[in-house]
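Worksheet: the structure to be examined is printed underneath.
The values are calculated or read from the model by the stated rules, or taken from the named source; none is laboratory data. None of these values were measured; they are calculated from a predicted model. Cβ coordinates were reconstructed from backbone atoms using ideal geometry, including for glycine residues, and neighbour counts include every protein chain displayed. Heads up: the accessible areas ignore ligands, DNA and RNA and are worked out on the full protein's heavy atoms, side chains in. Shrake-Rupley method; radii C 1.70, N 1.55, O 1.52, S 1.80 Å.
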Amino acid sequence: MTWTPDPDAFVRDLEAKPAALRALAARLDADPWRDVGRSDRVVFIGMGSSRFAALAVAAMLRATGRDVVVERASAAVVAPGGPRTLAVGISASGSTAETVAALSRHADAGSTTVAITNTEASSLAVVADHHIWLAAGDEQGGVACRTFQHTIAILLAMLEPARAAAAARGAADATDDLLDRRPSWLPQAIDALADTGAVFALASEERISSAEQAALMFREGPRLQADACETGDWLHVDVYLTKPLDYRALLFAGSRFDGDVTRWVDERGGRLLMVGAAPDGLRYRGDDDPDVALCTETLVAELVAADVWRRQA
């Protein structure tokens, strides 16, 4: 894999988010799923950010009574394909070998297949019955940031195209707000998170994709140790780390367990940056809308990671 690190280009990719989201919203209004029939089972398939982006929307679809799973394309034990299955392969490049192979297996089994890519022609699109273009533009920093965001919005359109379009427009405004106010919040966020070499990201199950993507941003750019955890589960599996470590956490607000996490971190001398609709949170425009938050909040982690990455470079 060829990858040229470029933190400055990564920041430019982030700054291009609002315009890209507004352009995407117009496509969402037209319903990118209009030609894809409904199936009894939906299987989302991807690796890394592509898989993360499907996690929250899959939960929303399950809440409506649909049978939906999210699988790593590398998995050996998987949901069966067949005529009553819709298999959605997600790969920004359209060339992720594991995802191409997994979607091909579904095509051979008779599943209806969809490829979601950021390229108009790719090996993944070739094996699919339908192709949905992310239209996120070229990510010159080499890190999936706009493609992650666009994937979430396009998957939201499976629930309701108008809802997805509204989320994209709201996220564009929210992103503009955070970008414009960087001098007022970014130095404090960097101070809270970025000086120990380890970062932990937490989010509710409903937005677990944000925690997973945030942790990846710290690993992929500045190559910091970083991990993700679901907020409620943190009290059972990660709270132990607050005692031996100089603990730094990025908490995406919205779980009923936020207060418990805050108390543990405070009592053990850690630092916590809460983002979103909470009394002590880093607020931004529209953060009380869960769809807008889902499509926006990783920008905080991306900008902090970019600063660390730039200083390393």
>> At 1.4 Å probe size, with the rest of the protein present, what percent of the exposed accessible area of the range 123-165 is carbon and sulfur atoms?
In response: 50
>> In Å², and per residue, what accessible area does the range 148-253 have when probed at 1.4 Å with the other protein chains present?
In response: 35
> With every protein chain left in place, what is the accessible area per residue of the range 4-128 in square angstrom, probe 1.4 Å?
Replying inline: 42
>> From the phi angles alone, apply the Karplus equation (6.51, -1.76, 1.60; θ = phi - 60°) to the range 45-53 and give each ³J(HN,Hα) in whole Hz, x where the residue is Gly or Pro.
In response: 10, x, 10, x, 4, 4, 6, 3, 4
>> Using the Cα centre of the range 225-313 as the reference point, and only Cβ charges (+1 on K/R, -1 on D/E), how large is the resulting charge dipole? Debye, rounded to the nearest 20.
In response: 420
> Once the Cα atoms of helix 97-109 and of the chain are each reduced to a long axis, what angle between those two axes, in degrees from 0 to 90 to the nearest 10, is obtained?
Replying inline: 40
> Can you give the net charge of the other residues whose Cβ lies under 9 Å from the Cβ of residue 172, counting K and R as +1 and D and E as -1?
Replying inline: +1
>> Let me make sure I get this right: for the range 53-211, a, b and c are the square roots of the gyration tensor eigenvalues over alpha carbons, sorted descending. Under 1.5 in a/c it's rounded, otherwise prolate if a/b > b/c, else oblate. Which is it?
In response: prolate
> So, counting K/R as plus one and D/E as minus one, what does the shell of residues with Cβ under 14 Å around residue 188 add up to?
Replying inline: +1
>> If I compute solvent accessible area with a 1.4 Å probe over the protein chains, what percent of it on the range 6-118 is carbon and sulfur?
In response: 50
> Helix 161-180: angle to the longest alpha-carbon principal axis of the chain, degrees 0 to 90, nearest 10?
Replying inline: 30
> By accessible area of protein heavy atoms, probe 1.4 Å, what ranking do 268, 105 get, highest first?
Replying inline: 105, 268
> Excluding residue 271 itself, what net charge comes from residues whose Cβ is under 11 Å from its Cβ, given Lys and Arg +1 and Asp and Glu -1?
Replying inline: -2
